[in-house]
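S.K.: If you scroll down you'll find the structure; I have some questions about it.
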Amino acid sequence: MTPPLQGSKKRKVETFKSAIKEQFAFLKNADTLEQTFTRAITLNKSGGLLIPISRIHSNDTNLINKISDWRAANQFAYPTQFKVTAEGTQRWLRSNLLGTEDRILFIVYNKHNTPIGHLGFANCLNDDCSMEIDNVLRGEPGDQGIMSEAMNALIQWAQETLWPESIHLRVLSDNQHALRFYQNLGFAIDSQTPLQRIADENGHQLLPFEEKSSRSPDAFFINMLLVQKEQGKPDEKILTAGPSISQREVSFGFDALKRGWNNNWAKYLNEFEAAFANYIGVKHAIATSSCTGALHIALKALGIGPGDEVIVPDLTWVATANAVTYVGATPVFCDIETNSWCVDSDSFRSLITSKTKAIIPVHLYGHPARMDVINTIAKEHGLFVVEDAAPSIGAECAGQRTGSFGHFSAFSFQGAKLAVTGEGGMLLTNDDALYDTAASIANQGRKAGTFWIENNGLKYKMSNVQAAIGLAQLQRNEAMVEAKRRIFSWYEDELSNLPLLKLNRECEWARSIYWMTSIFLDEEAGITRDALIAELAKRNVDTRPTFPAISQYSIWKRPQSPPQKNAKRIGDQSINLPSGTSLKREQVRYICRSIKSILSSQPNA
């Protein structure tokens, strides 16, 4: 009996299964020709497409007949030799393909819009988080190399939008041509499975194999596993960040671009705001052009202005403190914890004065600040709390999502973040009165439903097209979080035993999304942080230094010197490693080999 899954493993598996069901259903629910093309996978080299079979195809007589002809001509590739008919193919398409939540099939089209074969996935709802390539069939001659390209495109799509732990397939032992084809694509023989039972064209189990088939009883399935090759020095840089864009974003964005005007100008804005508020667990959301703009609106709505002080962490992006200056208030810089890299509560408490009106804790690099403690201190002193949750969509503090703790919270969808809209942000609150004030400010100070201006407002609006992309990203966010966490686990496997290098791990009370996997380099490593970055760049590994302690900047009207101790040290000694969701394990191994090689070559290694 398989033991029950526990904790984070269970959550990972549930998230994977949910992503499979939702993404496959989305692709198979197209009911117009336009939708099928916006949900296709592009074959860049040949100019062709992989178009998912969807509802619109269930009555497409020409396509069904063509698939029937292909299957009849290629019976040798199937374990059964049942008679293929158009009626049986249509039943199979409706019941066993469209009606099966973990199966999908793509038609391979060449650049002339001619269907030449099909391939897809099956049996994807499992606790191993694996995907099985299924029904690979070339039906038409010509277009040399297109099926290999189609296979590679299908694999890349799965790896970059669904993140399986493994990809495998089965091929009959007497189909040597297919066996060589898969081996050339990087699949290796993993095991063998006897052909003890077979299924008819509707998937129903029939009699023992030897009673229904003319194939030799000695035939068997060869189980093949996609093997990742060791990464040598890449031709192009392995980038620090990069989003996951699926057909869902393309489809929503296309719809907003084509139809999101006039009466529909706010369709996706409204849906995105409502969905985001629900995801975080608050009442109200206002989509903005940036997280900085959202912070500006929040501080203005709270009535913070000249003469007021707002405490911000010394280790953050400059925008956190800039927003304070936009309303004429003064940023005061507190230190950070060495484990979370977020607000240190003792430092926060020590900086509170009669002029202090608010604190802006930052959930840095996807790790939450200790919001329960911060809120307790803020409440004791009557302070507002505005969460800068910019890079933490999906992170949790003590089981509660970031962005749900403060009077306001602000998120970012800038292009390097986990969920992206190119540029963009979101302002959230649970307070009805604060929402009304913020909504008016965000709309140029207009009185709702009129052109009457009630107060000085701001304009940080998000476009409907951006909101369409954001909505699609949000619907996939949990799977993207798991992808980030998996990448961190790869780094942890490779780097956890290096004495002079420390990974920024999540605290026991936290769930980080690991937007950036970050390392701290000890001063005794024999190489400076910046020199390590330069050496990695020579090996085509793109990294970036962590933010410096921002109190050091000369732009602040009231200087604060020296910078906070922990913020200064971590800011000077730490690096963000490549963490984009499309990162492959062999790339992480290469990065880690490079780091180890550089460190081991130092005189005191």
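The values are calculated or read from the model by the stated rules, or taken from the named source; none is laboratory data. Note that this is a predicted model, so its numbers are computed, not measured. Reconstructed Cβ throughout: ideal geometry from the backbone, glycine too, with neighbour counts over all protein chains shown.
S.K.: Could you count how many residues in the range 169-198 are at pLDDT below 95 and assigned to a loop (DSSP other than H, G, I, E, B)?
M.R.: The qualifying residues number 5.
S.K.: Can you tell me which residue is surrounded by the most Cβ atoms within 10 Å (Cβ to Cβ) among those in the range 134-177 that are of a type in the set (A, V, I, L, M) and farther than 16 Å from Tyr109 by Cα?
M.R.: Of everything passing the filter in the range 134-177, Leu169 is surrounded by the most Cβ atoms within 10 Å (Cβ to Cβ).
S.K.: Residues being closer than 17 Å to Phe384 by Cα and either without any contact (Cβ under 8 Å) to a residue 40 or more places away in the chain or of a type outside the set (Val, Ile, Thr) (or both): count how many of those fall in the range 327-343.
M.R.: Counting residues in the range 327-343 that are closer than 17 Å to Phe384 by Cα and either without any contact (Cβ under 8 Å) to a residue 40 or more places away in the chain or of a type outside the set (Val, Ile, Thr) (or both) gives 7.
S.K.: Would you list the helices (runs of 4 or more DSSP H) that sit entirely within the range 309-388 and hold 1 or more residues that are at pLDDT below 95?
M.R.: Helices (runs of 4 or more DSSP H) meeting the threshold: none at all.
S.K.: Kindly evaluate Glu492 against the criterion of being surrounded by fewer than 18 Cβ atoms within 10 Å (Cβ to Cβ) and either on the phi > 0 side of the Ramachandran plot or in a loop (DSSP other than H, G, I, E, B) (or both).
M.R.: No, not satisfied.
S.K.: Please go through (1) modelled with pLDDT of 90 or more; (2) over 30 Å from Pro391 (Cα atoms); (3) in the same structural domain as Thr32 (by TED's automatic domain parsing) for Gly232 and return the number of the only condition it doesn't satisfy.
M.R.: (3)
S.K.: I've got another one for you. Go through (1) out of contact with any Asp or Glu (no Cβ under 8 Å at 6 or more places or on another chain); (2) farther than 22 Å from Arg544 by Cβ; (3) surrounded by fewer than 24 Cβ atoms within 10 Å (Cβ to Cβ) and name the single condition Lys447 misses.
M.R.: Of the numbered conditions (1) out of contact with any Asp or Glu (no Cβ under 8 Å at 6 or more places or on another chain); (2) farther than 22 Å from Arg544 by Cβ; (3) surrounded by fewer than 24 Cβ atoms within 10 Å (Cβ to Cβ), the odd one out for Lys447 is (1).
S.K.: Can you find even one residue in the range 407-420 that is farther than 17 Å from Lys461 by Cβ, small (Gly, Ala, Ser) and free of Cβ contacts under 8 Å to residues at least 24 places away in the same chain?
M.R.: Looking for residues that are farther than 17 Å from Lys461 by Cβ, small (Gly, Ala, Ser) and free of Cβ contacts under 8 Å to residues at least 24 places away in the same chain, one finds none in the range 407-420, hence no.
Condition check ((1) in contact with a helix residue (DSSP H, G or I) (Cβ under 6 Å, 6 or more places away or on another chain); (2) acidic (Asp, Glu)) across all residues:
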site	(1), (2)
Ser409	no, no
Ala438	yes, no
Gly449	no, no
Glu454	no, yes
Ala472	yes, no
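S.K.: Given the criteria over 27 Å from the mean Cα position of the chain (by Cα), on the phi < 0 side of the Ramachandran plot and touching a residue at least 40 places away in the same chain (Cβ under 8 Å), does Asp308 qualify?
M.R.: Considered against the rule, which asks whether it is over 27 Å from the mean Cα position of the chain (by Cα), on the phi < 0 side of the Ramachandran plot and touching a residue at least 40 places away in the same chain (Cβ under 8 Å), Asp308 comes out as yes.
Residue-by-condition table, conditions (1) in contact with a strand residue (DSSP E or B) (Cβ under 6 Å, 6 or more places away or on another chain); (2) over 20 Å from Ile304 (Cβ atoms):
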| residue | (1), (2) |
| --- | --- |
| Ile360 | yes, no |
| Gly394 | no, yes |
| Gln400 | no, yes |
| Gly403 | yes, no |
| Gly415 | yes, yes |
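S.K.: Let me ask you something else. Of the conditions (1) of a type in the set (S, T, N, Q); (2) at pLDDT below 95; (3) in contact with a Gly (Cβ under 8 Å, 6 or more places away or on another chain), Asn464 satisfies every one except a single condition; which number is it?
M.R.: (2)
S.K.: Okay, moving on. For the range 404-423, which residues satisfy the criterion of being of a type in the set (Gly, Ala, Ser) and either more than 18 Å from Arg476 (Cα to Cα) or outside any loop (DSSP other than H, G, I, E, B) (or both)?
M.R.: Result: Ser404, Gly406, Ser409, Ala410, Ser412, Gly422.
S.K.: Now, a different point. Among the listed residues Gly88, Gly139, Gly99, which satisfies the condition of being closer than 17 Å to Phe181 by Cα and either touching a residue at least 24 places away in the same chain (Cβ under 8 Å) or not aliphatic (A, V, I, L, M) (or both)?
M.R.: Gly139
S.K.: What pairs come up if the first residue lies in the range 548-572 and is more than 11 Å from Phe333 (Cα to Cα), the second is part of a helix (DSSP H, G or I), and their beta carbons are under 6 Å apart, counting only those six or more places apart or on different chains?
M.R.: Pro548/Gly571
S.K.: Does at least one position in the range 259-268 carry a residue that is buried (at least 19 other Cβ atoms within 10 Å of the Cβ), more than 17 Å from the chain's Cα centre (by Cα) and within 20 Å of Gln475 (Cβ to Cβ)?
M.R.: yes
S.K.: What are the residues in the range 411-429 that are within 18 Å of Ala483 (Cβ to Cβ) and in contact with a Gly (Cβ under 6 Å, 6 or more places away or on another chain), if any?
M.R.: Hits for the range 411-429 are Phe413, Gly415.
S.K.: Give the residue that is farthest from Asn477 (Cα to Cα), with candidates limited to residues of the range 504-542 that are touching a helix residue (DSSP H, G or I) at 6+ places or on another chain (Cβ under 6 Å) and in a loop (DSSP other than H, G, I, E, B).
M.R.: Per the criteria, the residue is Arg539.
S.K.: Something else about it: Could you list, in sequence order, all residues of the range 560-589 that are part of a helix (DSSP H, G or I) and surrounded by fewer than 22 Cβ atoms within 10 Å (Cβ to Cβ)?
M.R.: Lys565, Asn566, Lys568, Arg569, Asp572, Gln573, Arg585, Glu586, Gln587, Arg589
S.K.: Cβ contacts < 6 Å: first residue among the basic types (Lys, Arg), restricted to the range 274-301; second residue assigned to a loop (DSSP other than H, G, I, E, B), any location; separation 6+ or different chain. Result?
M.R.: Note: pairs meeting the criteria are Lys283/Asn430; Lys300/Val327.
S.K.: Taking the range 543-559 as the region of interest, how many residues are surrounded by fewer than 19 Cβ atoms within 10 Å (Cβ to Cβ) and assigned to a loop (DSSP other than H, G, I, E, B)?
M.R.: 8
S.K.: What number of residues within the range 269-303 satisfy the criterion of being surrounded by fewer than 22 Cβ atoms within 10 Å (Cβ to Cβ) and under 14 Å from Ile469 (Cα atoms)?
M.R.: Result for the range 269-303: 4.
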